[in-house]
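Participant: My questions will all concern the structure given below.
Any read-out appearing in this document is the output of simple, stated calculations on the displayed coordinates, not a laboratory observation. Because the structure is predicted, anything quoted here is derived from the model rather than measured. Cβ atoms come from the backbone with ideal geometry, glycine included; neighbour counts cover every protein chain shown.
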Amino acid sequence: MNITAPVAIPFQRAIERLSQLKLGLATKLETLSLYFQAKAGLRSLVEFTQRSPFRHNHVFLYQTMIRRHVAEWPCTDNWIAVYRGFMERYERTTLDYFKTGAKLYFDLGNGEDADPFLIFQNAVLSEAGRFREGKRSQIGLDQLQESLVTQIEQLLIPIWRKDLGSLDETLNGIFQSLPWGYSSSSEIDDLFAAYVEKSDQVLTADNVEAIDAETEGLASRILRGYSAYSCERFNTNLVRCRNSVQSHVQRRARARANFDRIAARVAHIASLLKPEEAEMFSDSVAQALVLNFCNDYLDVKFSFKSFVGLVHYHAFDLARAHADPAWSLREMGTHLAQHTTRSAASTDLSRIVQP
Amino acid sequence: MLSTSLSGRIASIGGGAVTGFARIVNSEADLGRIQPGDIMVAPATDISFATTMVLCAGFVTETGGRFAHAAIFAREHGLPCITDVADARKLIPDGAQITLDPELNLISPA
């Protein structure tokens with residue numbers, strides 16, 4: 001990364017915090033997902049997705065379901081949306097969502113012993129937690145980002161001049177910027193480029209474990225992080241990437257140049273502010289990049305868009321099989337509690353995934 | 001042919017206005033229809049679209065704002081994007097040649 005001090009100080013502070021986050025929460029989640037994969041078995045996970053009727057569009061279905069029940073998710077209304085403390089609750093919720101998804105996977109696998117009410121309740125409360133920190137929540141990720149936009153605007157408007165260009169474009173730059181390797185699209189780009197070099201093979205349920213061993217875990221890393229264990233999706237992306245390996249190099253160079261340009265611009269703007277305002281600006285920019293990372297990396301790999309999201313959706317779908325899908329969440333839950341029986345298997349604590 | 005001009009929220013200026021063939025993408029299953037230089041028209045995008053999105057000249061989505069996946073992707077890759085264009089998939093015919101001008105916030109017939 002071609003940034004020289006002291007010109008790029010706002011982004012340097014941001015990069016330090018991003019590194020901590022990548023080493024911290026991102027690593028915890030990756031460790032948890034590796035543990036779950038080892039416990040469930042790579043082939044079993046691939047076959048689960050292969051059999052899933054929702055494998056092509058579970059993200060869209062999940063989003064539709066969230067919106068349909070948007071007023072119903074059990075939540076704390078009208079709490080305070082501030083950055084302080086957000087990362088602790090985001091971490092706790094993201095880890096809980098993943099662990100619940102892993103438990104649901106094993107519970108759903110119980111067949112006739114599966115307890116529809118407990119599965120549904122666990123999925124609803126898990127999504128309620130994720131929803132609370134997420135895009136549509138009054139105290140969630142998007143709301144905090146919007147607040148930061150306002151804070152940064154208020155710092156910059158008094159000093160803004162025509163020669164600084166568009167303020168909106170500058171804000172877009174701050175709220176898009178992540179160094180190469182910290183965004184999901186750059187990581188998927190790098191991973192597939194590396195896979196194309198190591199192996200030219202498409203994946204199937206029959207060969208996935210062997211190819212994963214040959215590629216030293218690269219195949220499963222992509223399946224786990226970016227394909228919800230779908231070989232179809234993996235193979236489709238592989239074909240596209242095979243034909244664009246040269247472009248990957250160009251895209252990386254362009255993105256790095258773009259990031260450096262924004263970093264330099266932000267540093268120049270900081271130099272126009274009074275010291276205490278420059279300090280607030282640097283802090284706000286660092287917070288913006290951390291939230292970008294949550295939005296564009298952690299959410300992509302570990303939220304409802306991931307394999308555990310697919311599993312959560314299966315849990316919601318199970319409820320619909322036993323109740324009227326037109327009902328509210330509360331009505332479905334009440335019906336399941338009253339008309340289905342408790343299963344002994346659902347109290348098996350060994351099914352809670354803990355590394 | 002697109003019969004009227006549309007607008008939404010400017011999510012990314014990219015390199016400015018682009019002209020290309022509109023490609024309606026309802027789900028991941030439609031991604032195989034995208035050709036280099038097409039303008040993707042979708043309800044929204046997500047990471048599963050990423051390896052195809054790099055082929056596109058720009059994006060129009062029906063939902064989302066500054067922090068939507070399409071907006072972030074477009075800015076990262078220097079491509080134009082307009083989000084929150086209601087009924088884009090109904091109003092923009094598949095295969096129509098269109099101009100996406102993010103500086104004017106306009107999607108118009110080419």
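Participant: Quick one: among A:64, A:204, A:93, which has the greatest mean-square fluctuation in a GNM of chain A with alpha-carbon springs under 10 angstrom?
Facilitator: A:64
Participant: Could you size up the charge dipole of chain A around its Cα centre, putting +1 on the beta carbon of Lys and Arg and -1 on that of Asp and Glu, and report it in debye to the nearest 20?
Facilitator: It comes to approximately 360 debye.
Participant: Quick check: the angle from helix A:231-242's long axis to the longest principal axis of chain A, C-alpha only, nearest 10 degrees?
Facilitator: For helix A:231-242, the angle is close to 30 degrees.
Participant: Give a quick list of trypsin sites (Lys or Arg not before Pro) in the range A:159-219 that DSSP marks as loop, anything other than H, G, I, E or B, with at most 14 other Cβ atoms within 10 Å. Present the calculation step by step, with values, prior to reporting the outcome.
Facilitator: Values: sites: A:161, A:162, A:198; in loops: A:161.
Counting only loop positions with at most 14 other Cβ atoms within 10 Å, the trypsin sites (Lys or Arg not before Pro) in the range A:159-219 are A:161.
Participant: By DSSP, what percent of the beta bridges with both residues in the protein assembly as shown are antiparallel, rounded to the nearest 5?
Facilitator: Beta bridges within the protein assembly as shown, antiparallel portion: roughly 55 percent.
Participant: Residue A:293: net charge of surrounding residues, Cβ under 12 Å, Lys/Arg +1, Asp/Glu -1, itself excluded?
Facilitator: 0
Participant: I've got another one for you. Let me know the shape class of the range A:42-200, please: from the alpha-carbon gyration tensor, a ≥ b ≥ c as square roots of the eigenvalues, rounded when a/c is under 1.5, otherwise prolate if a/b is greater than b/c, or oblate.
Facilitator: Oblate, since a/c reaches 1.5 and b/c is not below a/b.
Participant: Here's something else I'd like to know. Over the protein assembly as shown, one equal point on each Cα, no solvent: what is log10 I(q)/I(0) by the Debye formula at q = 0.05, 0.11 Å⁻¹?
Facilitator: Relative scattering, expressed as log10 I(q)/I(0), comes to -0.19, -0.93.
Participant: From the backbone phi of the range A:34-45, what are the Karplus-calculated ³J(HN,Hα) couplings (6.51 cos²θ - 1.76 cosθ + 1.60, θ = phi - 60°) in whole Hz, Gly and Pro given as x?
Facilitator: Coupling constants for the range A:34-45: 5, 4, 4, 4, 5, 6, 7, x, 4, 4, 4, 5 Hz.
Participant: Separate question: Between the DSSP loop rule and a limit of at most 11 other Cβ atoms within 10 Å, which trypsin sites (Lys or Arg not before Pro) in the range A:51-137 are left?
Facilitator: The qualifying sites are A:84.
Participant: Using only helices, what value at 222 nm comes out for chain A when you add -39,500 (n - 2.57) per DSSP H run of length 4 or more and divide by the total residues, to the nearest 500 deg cm²/dmol?
Facilitator: -21500 deg cm²/dmol
Participant: Return the whole-Å distance between the Cα centroid of the range A:44-72 and the Cα centroid of the range B:6-78.
Facilitator: The range A:44-72 and the range B:6-78 have Cα centres separated by 22 Å.
Participant: I've got another one for you. State, as an integer percentage, the relative contact order of the range A:70-167 based on alpha-carbon contacts under 8 Å between residues 6 or more apart. List each step's numbers first, then the result.
Facilitator: On the way: 65 pairs, mean separation 32.0, N = 98.
Contact order relative to length: 33 percent.
Participant: Which residue, chosen from A:167, A:35, A:203, occupies the Cα position most advanced towards the positive end of the dipole of chain A, where the dipole is computed from +1 (Lys, Arg) and -1 (Asp, Glu) charges on Cβ about the Cα centre?
Facilitator: Farthest along the dipole direction, towards plus: A:167.
Participant: Pick out, in residue order, every one of the GluC sites (Glu not before Pro) in the range B:35-110 that is DSSP loop and has at most 15 other C-beta atoms within 10 Å; say none if there are none.
Facilitator: Numbers: sites: B:62, B:76, B:103; in loops: B:62, B:103.
Answer by residue number: B:103.
Participant: While we're looking at this one, here's another question. For residue B:38, which sequence-distant residues (separation of 5 or more, or a different chain) have an amide H within less than 5 Å of its own amide H, given hydrogens modelled in the peptide plane?
Facilitator: Correct list: B:57.
Participant: Could you tell me which of rounded, prolate or oblate describes the range A:238-314, using a ≥ b ≥ c as the square roots of the eigenvalues of the alpha-carbon gyration tensor, with rounded for a/c under 1.5 and, failing that, prolate when a/b is larger than b/c and oblate otherwise?
Facilitator: Since a/c reaches 1.5 but b/c is at least a/b, the shape of the range A:238-314 is classed as oblate.
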